[in-house]
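Trainee: Please see the structure below; I have some questions.
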Amino acid sequence: MKQEVKPGAISRFPGYVMIIAAAILFGVNGSLSRMLFDLGVTPVTLVEFRMLIGCICLLGFLLIGQRHALKMSRRAWGWLLAFGLSMALVTYTYFVAISRLSIAITLVIQFSGSAWMVLVGSIWHRRMPSWYILLALGLTISGVVLVTGVWQENLNGLDFIGLLFSVFALVTFIAYLMLGRQVSKYLPSFSATAYGALVASLFWLLVQPPWNIPATTWDFHLLWPIILVGVIGMAVPFSLVQAALRRLDATRASIAAIFELPASALVAFIWLGQILNIWQILGCVLVLIGITVVQLEQPTA
(Lines give C-alpha, C1' and ligand atoms only; values in the text may rest on other atoms or scores of the structure.)
Protein backbone atom coordinates (compact mmCIF):
# COMPACT_ATOMS: atom_id res chain seq x y z
CA MET A 1 0.00 0.00 0.00
CA LYS A 2 1.30 3.44 -0.86
CA GLN A 3 2.07 5.48 2.24
CA GLU A 4 0.04 8.64 2.69
CA VAL A 5 1.88 11.91 2.31
CA LYS A 6 1.25 13.99 5.44
CA PRO A 7 0.06 17.58 5.03
CA GLY A 8 2.98 19.94 5.38
CA ALA A 9 5.56 17.27 4.50
CA ILE A 10 5.90 18.70 0.99
CA SER A 11 5.35 22.08 -0.60
CA ARG A 12 1.77 23.03 -1.35
CA PHE A 13 2.69 25.35 -4.21
CA PRO A 14 2.82 22.66 -6.95
CA GLY A 15 -0.62 21.52 -5.78
CA TYR A 16 -2.04 25.00 -6.37
CA VAL A 17 -0.39 25.13 -9.80
CA MET A 18 -2.04 21.80 -10.70
CA ILE A 19 -5.46 22.98 -9.49
CA ILE A 20 -5.18 26.24 -11.48
CA ALA A 21 -4.06 24.38 -14.62
CA ALA A 22 -7.03 22.03 -14.21
CA ALA A 23 -9.36 25.02 -13.74
CA ILE A 24 -8.17 26.55 -17.01
CA LEU A 25 -8.84 23.28 -18.84
CA PHE A 26 -12.27 23.03 -17.19
CA GLY A 27 -12.91 26.57 -18.44
CA VAL A 28 -12.06 25.55 -22.01
CA ASN A 29 -14.20 22.44 -21.56
CA GLY A 30 -17.14 24.59 -20.43
CA SER A 31 -17.18 26.64 -23.64
CA LEU A 32 -16.71 23.51 -25.75
CA SER A 33 -19.53 21.73 -23.92
CA ARG A 34 -21.82 24.74 -24.35
CA MET A 35 -21.17 24.59 -28.10
CA LEU A 36 -22.03 20.87 -28.17
CA PHE A 37 -25.26 21.43 -26.24
CA ASP A 38 -26.26 24.07 -28.80
CA LEU A 39 -25.63 21.48 -31.54
CA GLY A 40 -28.03 19.01 -29.89
CA VAL A 41 -25.80 16.78 -27.76
CA THR A 42 -27.61 15.85 -24.52
CA PRO A 43 -25.96 16.23 -21.07
CA VAL A 44 -26.19 12.47 -20.43
CA THR A 45 -24.49 11.65 -23.74
CA LEU A 46 -21.71 14.18 -23.23
CA VAL A 47 -20.98 13.07 -19.66
CA GLU A 48 -20.99 9.42 -20.77
CA PHE A 49 -18.53 10.02 -23.61
CA ARG A 50 -16.43 12.34 -21.45
CA MET A 51 -15.88 9.64 -18.83
CA LEU A 52 -15.45 6.80 -21.34
CA ILE A 53 -12.88 8.62 -23.50
CA GLY A 54 -10.99 9.85 -20.44
CA CYS A 55 -10.94 6.30 -19.07
CA ILE A 56 -9.57 4.88 -22.35
CA CYS A 57 -6.84 7.53 -22.49
CA LEU A 58 -5.70 7.01 -18.91
CA LEU A 59 -5.86 3.20 -18.89
CA GLY A 60 -4.07 3.10 -22.26
CA PHE A 61 -1.28 5.27 -20.89
CA LEU A 62 -0.92 3.10 -17.79
CA LEU A 63 -1.03 -0.21 -19.69
CA ILE A 64 1.69 0.96 -22.08
CA GLY A 65 4.08 2.64 -19.66
CA GLN A 66 3.15 2.08 -16.00
CA ARG A 67 1.44 -1.27 -15.48
CA HIS A 68 2.79 -1.48 -11.94
CA ALA A 69 0.69 1.57 -11.05
CA LEU A 70 -2.52 -0.41 -11.66
CA LYS A 71 -1.98 -2.58 -8.58
CA MET A 72 -3.94 -1.63 -5.50
CA SER A 73 -4.82 -2.75 -2.01
CA ARG A 74 -8.17 -4.47 -1.43
CA ARG A 75 -9.03 -1.75 1.06
CA ALA A 76 -9.00 0.77 -1.79
CA TRP A 77 -11.91 -0.76 -3.72
CA GLY A 78 -14.70 0.62 -1.56
CA TRP A 79 -13.26 4.15 -1.62
CA LEU A 80 -12.61 3.86 -5.34
CA LEU A 81 -16.19 2.83 -6.08
CA ALA A 82 -17.54 5.83 -4.15
CA PHE A 83 -14.96 8.10 -5.83
CA GLY A 84 -16.01 6.90 -9.31
CA LEU A 85 -19.68 7.49 -8.57
CA SER A 86 -18.90 11.03 -7.37
CA MET A 87 -17.06 11.63 -10.66
CA ALA A 88 -20.08 10.31 -12.56
CA LEU A 89 -22.53 12.58 -10.77
CA VAL A 90 -20.70 15.86 -10.18
CA THR A 91 -20.77 16.96 -13.83
CA TYR A 92 -24.23 15.61 -14.60
CA THR A 93 -25.90 17.37 -11.67
CA TYR A 94 -24.24 20.63 -12.72
CA PHE A 95 -25.43 20.23 -16.32
CA VAL A 96 -29.02 19.54 -15.23
CA ALA A 97 -28.94 22.51 -12.83
CA ILE A 98 -27.81 25.01 -15.49
CA SER A 99 -30.41 23.65 -17.92
CA ARG A 100 -33.20 24.66 -15.53
CA LEU A 101 -31.66 27.51 -13.53
CA SER A 102 -29.47 30.54 -14.11
CA ILE A 103 -25.82 29.54 -14.40
CA ALA A 104 -24.91 32.37 -11.99
CA ILE A 105 -27.09 31.00 -9.19
CA THR A 106 -25.89 27.45 -9.85
CA LEU A 107 -22.23 28.46 -9.67
CA VAL A 108 -22.67 30.41 -6.43
CA ILE A 109 -24.37 27.39 -4.84
CA GLN A 110 -21.77 24.90 -6.07
CA PHE A 111 -18.71 26.95 -5.24
CA SER A 112 -20.01 27.69 -1.75
CA GLY A 113 -18.73 24.17 -1.08
CA SER A 114 -15.45 25.57 0.27
CA ALA A 115 -17.37 27.58 2.90
CA TRP A 116 -19.37 24.54 3.99
CA MET A 117 -16.20 22.47 4.23
CA VAL A 118 -14.53 25.08 6.45
CA LEU A 119 -17.62 25.23 8.69
CA VAL A 120 -17.99 21.46 9.04
CA GLY A 121 -14.23 21.04 9.54
CA SER A 122 -14.22 23.65 12.31
CA ILE A 123 -17.11 21.94 14.10
CA TRP A 124 -15.62 18.47 13.67
CA HIS A 125 -12.14 19.41 14.91
CA ARG A 126 -13.46 21.95 17.46
CA ARG A 127 -11.11 24.70 16.37
CA MET A 128 -11.28 27.88 14.34
CA PRO A 129 -9.72 27.81 10.87
CA SER A 130 -6.70 30.05 10.33
CA TRP A 131 -7.24 33.65 9.29
CA TYR A 132 -5.53 32.79 5.99
CA ILE A 133 -8.34 30.35 5.19
CA LEU A 134 -11.07 32.75 6.36
CA LEU A 135 -9.65 35.69 4.37
CA ALA A 136 -9.15 33.54 1.27
CA LEU A 137 -12.69 32.22 1.64
CA GLY A 138 -14.15 35.73 1.89
CA LEU A 139 -12.19 36.96 -1.13
CA THR A 140 -12.97 33.99 -3.37
CA ILE A 141 -16.68 33.82 -2.52
CA SER A 142 -16.93 37.59 -3.13
CA GLY A 143 -15.17 37.04 -6.44
CA VAL A 144 -17.67 34.32 -7.35
CA VAL A 145 -20.58 36.67 -6.67
CA LEU A 146 -19.04 39.44 -8.80
CA VAL A 147 -18.04 37.19 -11.71
CA THR A 148 -21.45 35.53 -11.91
CA GLY A 149 -23.43 38.74 -11.31
CA VAL A 150 -25.85 36.79 -9.14
CA TRP A 151 -27.23 39.96 -7.52
CA GLN A 152 -28.70 40.93 -10.90
CA GLU A 153 -30.74 37.74 -11.11
CA ASN A 154 -34.47 37.60 -10.45
CA LEU A 155 -34.81 35.19 -7.53
CA ASN A 156 -38.61 35.00 -7.71
CA GLY A 157 -40.18 31.84 -9.07
CA LEU A 158 -36.98 29.79 -9.12
CA ASP A 159 -37.28 26.30 -10.55
CA PHE A 160 -37.43 23.84 -7.63
CA ILE A 161 -35.81 20.99 -9.58
CA GLY A 162 -33.04 23.34 -10.71
CA LEU A 163 -32.37 24.36 -7.10
CA LEU A 164 -32.43 20.71 -6.02
CA PHE A 165 -29.84 19.73 -8.63
CA SER A 166 -27.72 22.75 -7.69
CA VAL A 167 -27.60 21.40 -4.14
CA PHE A 168 -26.78 17.94 -5.55
CA ALA A 169 -23.95 19.55 -7.55
CA LEU A 170 -22.65 21.13 -4.33
CA VAL A 171 -22.79 17.84 -2.42
CA THR A 172 -21.15 15.79 -5.20
CA PHE A 173 -18.43 18.43 -5.64
CA ILE A 174 -17.52 18.17 -1.94
CA ALA A 175 -17.76 14.38 -2.06
CA TYR A 176 -15.49 14.25 -5.12
CA LEU A 177 -12.76 16.29 -3.39
CA MET A 178 -12.93 14.43 -0.08
CA LEU A 179 -13.08 10.98 -1.66
CA GLY A 180 -10.26 11.93 -4.01
CA ARG A 181 -8.17 12.87 -1.00
CA GLN A 182 -8.92 9.47 0.57
CA VAL A 183 -8.17 7.51 -2.61
CA SER A 184 -4.82 9.32 -2.96
CA LYS A 185 -3.65 7.38 0.13
CA TYR A 186 -3.74 4.14 -1.86
CA LEU A 187 -3.09 5.00 -5.51
CA PRO A 188 -1.05 7.37 -7.69
CA SER A 189 -3.08 10.17 -9.27
CA PHE A 190 -3.22 8.67 -12.79
CA SER A 191 -4.32 5.27 -11.50
CA ALA A 192 -6.97 6.73 -9.19
CA THR A 193 -8.40 8.89 -11.98
CA ALA A 194 -8.35 6.00 -14.46
CA TYR A 195 -10.17 3.61 -12.12
CA GLY A 196 -12.60 6.34 -11.07
CA ALA A 197 -13.37 7.09 -14.72
CA LEU A 198 -13.90 3.37 -15.32
CA VAL A 199 -16.50 3.20 -12.53
CA ALA A 200 -18.16 6.38 -13.86
CA SER A 201 -18.19 5.00 -17.43
CA LEU A 202 -19.81 1.73 -16.37
CA PHE A 203 -22.42 3.70 -14.41
CA TRP A 204 -23.38 5.84 -17.42
CA LEU A 205 -23.33 2.85 -19.81
CA LEU A 206 -25.98 1.29 -17.56
CA VAL A 207 -28.00 4.53 -17.56
CA GLN A 208 -27.72 4.95 -21.34
CA PRO A 209 -26.57 1.78 -23.17
CA PRO A 210 -24.70 2.29 -26.49
CA TRP A 211 -27.78 1.38 -28.56
CA ASN A 212 -29.72 4.24 -26.95
CA ILE A 213 -27.14 6.90 -27.81
CA PRO A 214 -28.64 9.31 -30.41
CA ALA A 215 -27.42 8.44 -33.91
CA THR A 216 -26.38 12.05 -34.66
CA THR A 217 -23.71 11.80 -31.95
CA TRP A 218 -21.61 9.64 -34.28
CA ASP A 219 -21.35 12.36 -36.95
CA PHE A 220 -17.72 13.42 -37.39
CA HIS A 221 -18.40 17.13 -36.82
CA LEU A 222 -19.76 16.25 -33.36
CA LEU A 223 -17.53 13.28 -32.54
CA TRP A 224 -14.17 15.02 -32.69
CA PRO A 225 -15.10 17.83 -30.23
CA ILE A 226 -16.66 15.16 -27.96
CA ILE A 227 -13.33 13.30 -28.01
CA LEU A 228 -11.60 16.59 -27.19
CA VAL A 229 -13.91 17.01 -24.18
CA GLY A 230 -12.88 13.55 -22.98
CA VAL A 231 -9.17 14.43 -23.19
CA ILE A 232 -8.91 18.08 -22.05
CA GLY A 233 -12.15 18.08 -20.05
CA MET A 234 -11.64 14.83 -18.17
CA ALA A 235 -8.41 12.83 -18.51
CA VAL A 236 -5.94 15.69 -18.03
CA PRO A 237 -7.71 18.03 -15.54
CA PHE A 238 -9.12 15.25 -13.33
CA SER A 239 -5.62 13.75 -13.11
CA LEU A 240 -4.22 17.16 -12.17
CA VAL A 241 -6.82 17.59 -9.42
CA GLN A 242 -6.12 14.12 -8.08
CA ALA A 243 -2.37 14.82 -8.08
CA ALA A 244 -3.00 18.13 -6.28
CA LEU A 245 -4.98 16.33 -3.57
CA ARG A 246 -1.77 14.53 -2.59
CA ARG A 247 -0.37 17.94 -1.60
CA LEU A 248 -3.49 19.87 -0.52
CA ASP A 249 -6.36 19.11 1.82
CA ALA A 250 -9.85 19.17 0.30
CA THR A 251 -10.69 22.61 1.73
CA ARG A 252 -7.70 24.36 0.16
CA ALA A 253 -8.28 22.48 -3.10
CA SER A 254 -11.91 23.65 -3.18
CA ILE A 255 -10.83 27.28 -2.67
CA ALA A 256 -8.24 27.05 -5.45
CA ALA A 257 -10.79 25.33 -7.73
CA ILE A 258 -12.83 28.56 -7.74
CA PHE A 259 -10.23 29.81 -10.23
CA GLU A 260 -12.40 27.95 -12.76
CA LEU A 261 -14.76 30.94 -12.74
CA PRO A 262 -12.33 33.63 -13.98
CA ALA A 263 -10.74 31.04 -16.26
CA SER A 264 -14.14 30.27 -17.83
CA ALA A 265 -14.89 33.99 -18.18
CA LEU A 266 -11.55 34.61 -19.90
CA VAL A 267 -11.99 31.65 -22.26
CA ALA A 268 -15.52 32.80 -23.12
CA PHE A 269 -14.15 36.31 -23.82
CA ILE A 270 -11.40 35.00 -26.14
CA TRP A 271 -13.38 32.20 -27.82
CA LEU A 272 -17.01 33.29 -27.77
CA GLY A 273 -16.49 37.07 -27.72
CA GLN A 274 -18.36 37.51 -24.43
CA ILE A 275 -17.52 40.87 -22.83
CA LEU A 276 -16.33 41.18 -19.22
CA ASN A 277 -17.66 44.18 -17.29
CA ILE A 278 -15.73 45.98 -14.55
CA TRP A 279 -17.41 43.95 -11.77
CA GLN A 280 -16.47 40.66 -13.40
CA ILE A 281 -12.86 41.80 -13.81
CA LEU A 282 -12.80 42.83 -10.14
CA GLY A 283 -14.25 39.41 -9.21
CA CYS A 284 -11.46 37.66 -11.15
CA VAL A 285 -8.87 39.74 -9.27
CA LEU A 286 -10.44 38.86 -5.89
CA VAL A 287 -10.37 35.15 -6.72
CA LEU A 288 -6.69 35.38 -7.66
CA ILE A 289 -5.86 37.27 -4.44
CA GLY A 290 -7.79 34.72 -2.38
CA ILE A 291 -5.86 31.81 -3.89
CA THR A 292 -2.60 33.67 -3.25
CA VAL A 293 -3.52 34.33 0.40
CA VAL A 294 -4.25 30.68 1.15
CA GLN A 295 -0.85 29.75 -0.29
CA LEU A 296 0.90 32.17 2.11
CA GLU A 297 0.01 30.07 5.15
CA GLN A 298 3.02 28.08 6.28
CA PRO A 299 2.49 24.27 6.23
CA THR A 300 2.32 22.67 9.66
CA ALA A 301 3.49 19.16 10.40
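Trainee: Which condition number in (1) buried (at least 24 other Cβ atoms within 10 Å of the Cβ); (2) within 28 Å of ILE281 (Cβ to Cβ) is the one that ALA263 fails?
Mentor: Going through the list (1) buried (at least 24 other Cβ atoms within 10 Å of the Cβ); (2) within 28 Å of ILE281 (Cβ to Cβ), ALA263 breaks only (1).
Trainee: Identify the residue in region 121-131 that is modelled with pLDDT of 70 or more, of a type outside the set (Gly, Ala, Ser) and exposed (fewer than 15 other Cβ atoms within 10 Å of the Cβ) and, among all such residues, is farthest from VAL145 (Cα to Cα).
Mentor: So the residue we want is ARG126.
Trainee: Which residues, counting only those in region 56-87, are over 17 Å from ARG181 (Cβ atoms) and at pLDDT 90 or above?
Mentor: ILE56
Yes or no, residue by residue, for (1) at pLDDT 85 or above; (2) small (Gly, Ala, Ser); (3) exposed (fewer than 15 other Cβ atoms within 10 Å of the Cβ):
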residue	(1), (2), (3)
PHE220	no, no, yes
GLY233	yes, yes, no
LEU248	no, no, no
PHE259	no, no, no
ILE278	no, no, yes
THR292	no, no, yes
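Trainee: Taking the options ALA200, ALA192, ALA169, name whichever one is in contact with a Cys (Cβ under 8 Å, 6 or more places away or on another chain), part of a helix (DSSP H, G or I) and in contact (Cβ under 8 Å) with a residue 24 or more places away in the chain.
Mentor: Testing whether each residue is in contact with a Cys (Cβ under 8 Å, 6 or more places away or on another chain), part of a helix (DSSP H, G or I) and in contact (Cβ under 8 Å) with a residue 24 or more places away in the chain leaves just ALA200.
Trainee: Report yes if ILE141 is at pLDDT below 85, closer than 25 Å to PHE259 by Cβ and assigned to a helix (DSSP H, G or I), otherwise no.
Mentor: Spelling it out, ILE141 is indeed at pLDDT below 85, closer than 25 Å to PHE259 by Cβ and assigned to a helix (DSSP H, G or I).
Trainee: Here is a further query. Which of the residues spanning region 84-115 are outside any helix (DSSP H, G or I) and surrounded by 24 or more Cβ atoms within 10 Å (Cβ to Cβ)?
Mentor: Matches in region 84-115: PHE111 only.
Trainee: For region 73-83, indicate whether the set of residues that are of a type in the set (A, V, I, L, M), closer than 21 Å to TRP204 by Cβ and part of a loop (DSSP other than H, G, I, E, B) is non-empty.
Mentor: There is no residue in region 73-83 that is of a type in the set (A, V, I, L, M), closer than 21 Å to TRP204 by Cβ and part of a loop (DSSP other than H, G, I, E, B).
Trainee: Contact list please: Cβ distance under 9 Å, first residue in region 58-70 and outside any helix (DSSP H, G or I), second residue surrounded by 10 or more Cβ atoms within 10 Å (Cβ to Cβ) and hydrophobic (A, V, I, L, M, F, W, C), pairs at least six apart or on different chains.
Mentor: GLN66/PHE190
The values are calculated or read from the model by the stated rules, or taken from the named source; none is laboratory data. Just so it is clear, the model here is predicted, and its values are computed rather than measured. Every residue, glycine among them, receives a Cβ derived from its backbone with ideal geometry; neighbour counts consider all protein chains shown.
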